[in-house]
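Scroll down for the structure; my scribbles are underneath it.
The values are calculated or read from the model by the stated rules, or taken from the named source; none is laboratory data. Predicted model, so just to flag it, every value in this text is computed and none were measured. Here Cβ is always computed from backbone atoms with ideal geometry, including for glycine, and neighbour counts include all displayed protein chains.
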Amino acid sequence: MHKALIQKLVLTVLGMFAFAFALVPLYDVFCDITGLNGKVDLVVAEQSTSVDDSRQVEVSFTTHAKSSAPFQVKAQQYSVSVQPGKLSEVRFVAHNLSDTARVMQAIPSVSPGQAAKYLHKLACFCFDQQPLDANQSMEFVLRFYVDTELPKDVQELTLSYTLYDITESETAYSGEQTQSQFVSQYYLIQTNPVRGPQNG
């Protein structure tokens, strides 16, 4: 009887892990279709080939640390007015508030969510994990443009970054994963914990 119970528990745990990993591609597809959470691709975009100088779009920037992540990241400009298709640059300063070396991962999102696919990044600190020494500050450059195909009724966008402390995460990034897969998996564990870091 005990053996059967143990087998059921093992199968349940394995099923939970399989379900968690299966959620990653399903989450990606769902976000692509609905724009939920304004999830954006963590890949380098191609350079824009045209500029729409007949309109301006206001892009704002916000950041917040998840749970007890000891990071502070601020944009040197709260917002910028850009022409669709024109490359823009904004600088961010990141600071490790702890007395130990930590590794930061920034996960971006765009609101309104349906506009996420129209914001393209050529350089972003969110593309890579960012090791920061104790109390270290570091400057990063965001280079981006808003697609000329952005619907005319969208005049404002907000690019938000959620900062995670992944120093001791059980979801360690490996060369077998793309950065996008790692971030999607880590995001799901944070929002739907099966095993791993718990929300504080």
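Please go through region 136-149 and pick out each residue that is out of contact with any Cys (no Cβ under 6 Å at 6 or more places or on another chain), closer than 16 Å to F92 by Cα and either surrounded by 13 or more Cβ atoms within 10 Å (Cβ to Cβ) or polar (S, T, N, Q) (or both). Can you show your working first?
Step one: list which residues in region 136-149 are out of contact with any Cys (no Cβ under 6 Å at 6 or more places or on another chain), which gives 136-141, 143-149.
Add one more test, that the residue is closer than 16 Å to F92 by Cα, and what stays is 136-141, 143-144.
If the condition is that a residue be out of contact with any Cys (no Cβ under 6 Å at 6 or more places or on another chain), closer than 16 Å to F92 by Cα and either surrounded by 13 or more Cβ atoms within 10 Å (Cβ to Cβ) or polar (S, T, N, Q) (or both), then Q136, S137, M138, F140, R143, F144 are the ones that fit.
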Restrict the check to region 50-71 and report whether at least one residue is in a strand (DSSP E or B), within 21 Å of V154 (Cα to Cα) and at pLDDT below 55. no
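Based on what the data block shows, is P70 surrounded by 13 or more Cβ atoms within 10 Å (Cβ to Cβ), over 18 Å from M138 (Cβ atoms) and not acidic (D, E)? Walk me through it before giving the result.
On the way: surrounded by 13 or more Cβ atoms within 10 Å (Cβ to Cβ): yes; over 18 Å from M138 (Cβ atoms): no; not acidic (D, E): yes.
For P70, the condition - surrounded by 13 or more Cβ atoms within 10 Å (Cβ to Cβ), over 18 Å from M138 (Cβ atoms) and not acidic (D, E) - is not met.
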Mind checking whether some residue in region 91-103 is touching a helix residue (DSSP H, G or I) at 6+ places or on another chain (Cβ under 8 Å) and at pLDDT 95 or above? yes
Restricting the search to region 76-107, which residues are in a strand (DSSP E or B) and without any contact (Cβ under 8 Å) to a residue 40 or more places away in the chain? S79, V80, S81
Can you name the number of the only condition in (1) closer than 23 Å to T167 by Cα; (2) at pLDDT below 65; (3) of a type outside the set (D, E); (4) loosely packed, with under 13 Cβ neighbours inside 10 Å that V24 fails? (4)
Exactly one condition in (1) within 25 Å of D53 (Cα to Cα); (2) buried (at least 16 other Cβ atoms within 10 Å of the Cβ) is false for V154; which is it? (2)
